[in-house]
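All of the numbers you see were taken from the coordinates with simple rules; none came from a lab. Bear in mind the structure is a predicted one, so any value in this text is a computation, not a measurement. A quick note on method: Cβ atoms are made from the backbone with ideal geometry, for glycine too, and the neighbour counts reach across all protein chains shown.
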Amino acid sequence: MPIGIPRTASAELPSELTALSAVQLSAAIRARQVSCVETMQAYLGRIERYNPVYNAIVSLLDDGTCLAEARRADEELARGEYRGWLHGVPHAVKDLADAEGLPTSLGSPIFAGTMPESDSLHIARIRDAGAIFIGKTNVPEFGMGSQSYNTVFGVTRNAYDPSLTSGGSSGGAAVGMATRMLPVADGSDMMGSLRNPAAFNNVIGFRPSQGRVPGTSADLFYSQLPTSGPMGRNTEDTIRLLETIAGFDSRAPMAMRDALPGFDAYRAPELSGLRIGWMGDYDGYLATEPGVLELCEQSLTSLENHGVQVDRVLPDFDMNRLWQAWLTLRHWSHAGRQSMLEDRSLRRQLKPEMIFEIEGSLDLTAADIATASVTRSDWYRAVHTLFERFDFLALPSAQVFPFPAEMHWPSEINGHAMDTYHRWMEVVIGATLAGVPALNLPVGFDARGRPMGMQSMGPMGADRPVLEFGLSYELVTDHLQQRPNLVDRLA
């Protein structure tokens, strides 16, 4: 089925504009059924009411500045000037990316309030599509760990239960959408940062194929673990934002050169005949909180009822070898921050997890890095072999349900001690190290109302088929329709 922007009749617009999906809102603004000022007022009102509790949006601009930008967007429309599908749409940028006019704090007191001179590459594309930047979304310090708290802005709380964590590092982005304080959101992912918070807040998060969304970090050639990507309240919105931020740029030499099709080309495929390899917890290798696998398997059973073939499968690989390679490559990615340990005043401002990563880089040898790179290559080949049998591979998006917001990270899962601050997130490294596209799809809630999600992974470069599968998945499930009951004060 085509997913072109729907024409929303004025009489059908909801009484609360923030209930519109990003695609619906875009159509209403372009058709001038709703003004950019009305849209901004609706979102600012919602932020004023709920952000003090959930703390998803930080560095928020004042209302006058935001409304002035909205009026300018309305005036452009009146002159027949239309910048793109995000024309007049409020947007908050993840606080690991740069947006001119907004501080980039990285969740760190060391960099708090730093004003960038220009936009990050993918953020410039969002601006060019007409978005109005109103602030940033909260992250963990330097994006480290899937728990969005820091000493600069505090903790971001889960949309479905503010006593619990939002996940991270795109925690503010996920909660901003789940609470309808944002229509759509950009994020980034190294160790599940687009997938884990999406699972914890019942939204969509998509880690694209490595190189699909170009980046311009200091290291253009070897930094191939993180990537920017889109998040949405549904798969349609996610597709539309991916279309905006993806595409080759000569400033990013490792970026993919093939182009994704336009938004209107996407179709929800027939489910019957699709083949999914369910990897679960790698046959007990991963410690997993009770209930996580069961929710995923319930959703897989519902897919089987629509003709999908689901088979349990294990990669032909030593998973502990993969973890050791991950530790090496993760440590190496922080080698450029070693000087922070030498400066006592800076070191005192670093959280222990960052110190752990930097210290881990100190004794790395070229042989260590080469070994880890070969392991990563062998892992890619093992995953590639599985895709000869399956259209998609599936794993939980997290090994635990959202945990208390005051807890920095789970020290144990189901009686198994976690030996590092991020061992509880090991389930996400498979897609990262293979560089393949991975889509978080919601699988429902446990008895305590805590959300969970499942990763759907496709072959390298198969971003479109993975997202199209997400469209079909939404047609046969209702998890995204289960909205949170928001509160405007903590109990």
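Using bins of 10 Å that start at zero, the share of Cα-Cα pairs per bin across segment 36-169 amounts to 13, 39, 35, 11, 2, in whole %.
Helices assigned as whole DSSP H runs in the chain whose Cα atoms extend at least 27 Å along their own long axis and whose mean Kyte-Doolittle hydropathy is -1.0 or higher are found at 366-386. The order of Asp249, Asp186, Asp343, going from fewest to most other C-beta atoms within 10 Å of their C-beta, is Asp343, Asp249, Asp186.
How would you classify segment 349-463 from its alpha-carbon gyration tensor, with a ≥ b ≥ c the square roots of the eigenvalues: rounded for a/c under 1.5, else prolate if a/b is greater than b/c, otherwise oblate? Oblate, because a/c is 1.5 or more while a/b does not exceed b/c. Shown for Met191, Met254: other C-beta atoms within 10 Å of each C-beta, ranked fewest to most, produce the order Met254, Met191.
Counting other Cβ atoms within 10 Å as a rough exposure proxy, the listed residues Ser377, Ser108, Ser21, Ser397 run Ser377, Ser21, Ser108, Ser397 from fewest neighbours to most. Just one of (1) 32, 27, 22; (2) 44, 25, 20; (3) 76, 34, 19 is semi-axes √(5λ) of the Cα gyration tensor in Å as worked out from the coordinates here. Which one is it? Among (1) 32, 27, 22; (2) 44, 25, 20; (3) 76, 34, 19, the one calculated here is (1). The distance separating the Cα centre of segment 173-196 from that of segment 373-390 comes to 28 Å.
When the alpha carbon gyration tensor of segment 403-459 is reduced to an equivalent ellipsoid, the three semi-axes, largest first, read 23, 18, 9 Å.
Once you order the gyration tensor axes a ≥ b ≥ c over the Cα atoms, which shape class does segment 90-217 get: rounded for a/c under 1.5, otherwise prolate or oblate by comparing a/b with b/c? Taking the square roots of the gyration eigenvalues as a ≥ b ≥ c, segment 90-217 is rounded. For the Cα trace of segment 224-283, dividing Rg by the Kirkwood Rh returns an Rg/Rh value of 1.05.
Computed on the Cα atoms alone, the convex hull of segment 251-313 gives a volume of 184 cubic angstrom per residue.
Within 10 Å, count the other beta carbons around each residue, average over each peptide in 382-391, 76-85, 448-457, and list them highest first.
The packing order, highest mean first, is 448-457, 382-391, 76-85.
Each 10 Å bin from zero up to the one holding the largest Cα-Cα distance in segment 261-382 carries the following percent of pairs: 11, 24, 24, 23, 15, 4, 0. Please compute P(r) over all alpha-carbon pairs of segment 76-152, binned at 5 Å starting from zero, and give each bin as a whole-number percent. The calculated distribution, bin by bin, is 3, 17, 23, 20, 15, 11, 6, 3, 2, 0.
Computed from the Kirkwood radius of its Cα pairs, the Stokes-Einstein diffusion coefficient for segment 373-422 at 25 °C and 0.890 mPa s stands at 174 µm²/s. Shape analysis of segment 112-186 places it in the oblate category; the axes a ≥ b ≥ c from the Cα gyration tensor give an a/c of at least 1.5, with a/b not above b/c. Secondary-structure-derived ellipticity at 222 nm for the chain, considering helices only, amounts to -10000 deg cm²/dmol, per-run term -39500 (n - 2.57) for DSSP H runs with n ≥ 4. Hydrodynamic estimate: the Kirkwood radius of segment 433-491 over Cα pairs, inserted into Stokes-Einstein at 4 °C and 1.567 mPa s, corresponds to D of 96 µm²/s.
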